[in-house]
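Remarks on the structure that follows.
The values are calculated or read from the model by the stated rules, or taken from the named source; none is laboratory data. Just so we're clear, the structure is a prediction, and the values are computed from it rather than from any experiment. Positions of Cβ are backbone-derived with ideal geometry, glycine not excepted, and every protein chain shown enters the neighbour counts. All accessible areas refer to the heavy atoms of the entire protein, side chains included, with ligands and DNA or RNA removed. Shrake-Rupley method; radii C 1.70, N 1.55, O 1.52, S 1.80 Å.
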Amino acid sequence: MSATDWYAHKSLENGVFWIQERFYESGNRANIWLIRGSHQDVVIDTGLGLRSLPDYINSKGLLGDDSKRKNPLLAIGTHVHFDHSGGLHQFQQVGVHKAEVDALANGDNFETVTWLSDREIVEDPAPGWRARQYRVKAVTPTHILQEGDVIDLGDRQLTVLHMPGHSRGSICLHDKENKMLFSGDVVYDGSMIDWLPYSRISDYTRSCERLVEMVDKEEIDQVMPGHYNTFGSKRLHRLASNYIASAGTCHRASTCVVKSIASLALRASNSRSAC
């Protein structure tokens, strides 16, 4: 299957494109965001990487033909979980938060929580493809990101916000001028996952408190999440507030049990995949 068949996209306002993997039918299917700038273009998250995302972007002419863009396309992972980082190895420039650099560079499929089944891939990307063969490929990041870094696209800037909880290196990218937040899996319109191996409820609570504060300061109008549909500031405030309210003793106890089971299952699954 070609890259042009595997992906599909929508053109949104302000030079933003929303790309998805058509034949990955799962709640884990991540949103891929392409942002055009006057001097630098950025893709935020890269999906599974089963077909070439750069080939798709180029074949559809999504970067235009502007000679001012002299820098190669920069691919940023909001975190290294497999559904977001699988295609990072396809790019010349790759950025992730410093807390997850080693996991990506070492191809650590435990920390990337690689968990893919055949039934989620409704059309095989290649003859004989099987989910058990899937691994996140190691890539050494060229950009090691941390809190407060500014990614300069020329006519717009994206500020890195370290928002751990879902994973230890989770980030959001904030377009302050346009009041847009590319939130990865820090927040989306669904249940927040805090039971994975490197999840931490106390960190997640602080990140949600920060999101509430940003909404209260009117710094966010629109959220471009890692999964599902976009939403506005009121919904963001409610989602973050609801998580804070729910993160009590009972939630922490039950999550600890689920986290232990999930870690064992991931260890077993990735041990078999390595064989």
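General observations
- Of the criteria (1) assigned to a helix (DSSP H, G or I); (2) under 29 Å from Ile19 (Cβ atoms); (3) charged (D, E, K, R), which one Asp194 fails: (1)
- Filtered residues of segment 111-148 (kept if free of Cβ contacts under 8 Å to residues at least 24 places away in the same chain, open to solvent by 80 Å² or more (accessible area, probe 1.4 Å) and closer than 14 Å to Leu50 by Cα): Pro127, Arg130
- Residue among Gly248, Gly232 that alone is of a type in the set (Gly, Ala, Ser), modelled with pLDDT under 95 and over 23 Å from Gly77 (Cβ atoms): Gly248
- Scope segment 28-47; condition assigned to a loop (DSSP other than H, G, I, E, B), open to solvent by less than 40 Å² (accessible area, probe 1.4 Å) and in contact with a His (Cβ under 9 Å, 6 or more places away or on another chain); matching residues: Ala30, Asn31, Asp45, Thr46, Gly47
- Of the residues making up segment 142-167, those that are part of a strand (DSSP E or B) and touching a strand residue (DSSP E or B) at 6+ places or on another chain (Cβ under 6 Å) are His143, Leu145, Val150, Ile151, Gln157, Leu158, Thr159, Val160, Leu161, His162.
- Residues in segment 176-193 that are open to solvent by less than 10 Å² (accessible area, probe 1.4 Å) and either closer than 12 Å to Val160 by Cβ or of a type in the set (A, V, I, L, M) (or both): Met180, Leu181, Phe182, Gly184, Val186, Val187.
- Test: Arg156 is surrounded by 15 or more Cβ atoms within 10 Å (Cβ to Cβ) and either under 15 Å from the mean Cα position of the chain (by Cα) or of a type in the set (Ser, Thr, Tyr) (or both): no
- Matching residues, segment 85-141, being of a type in the set (Gly, Ala, Ser), assigned to a loop (DSSP other than H, G, I, E, B) and under 14 Å from Asp45 (Cα atoms): Gly86, Gly87
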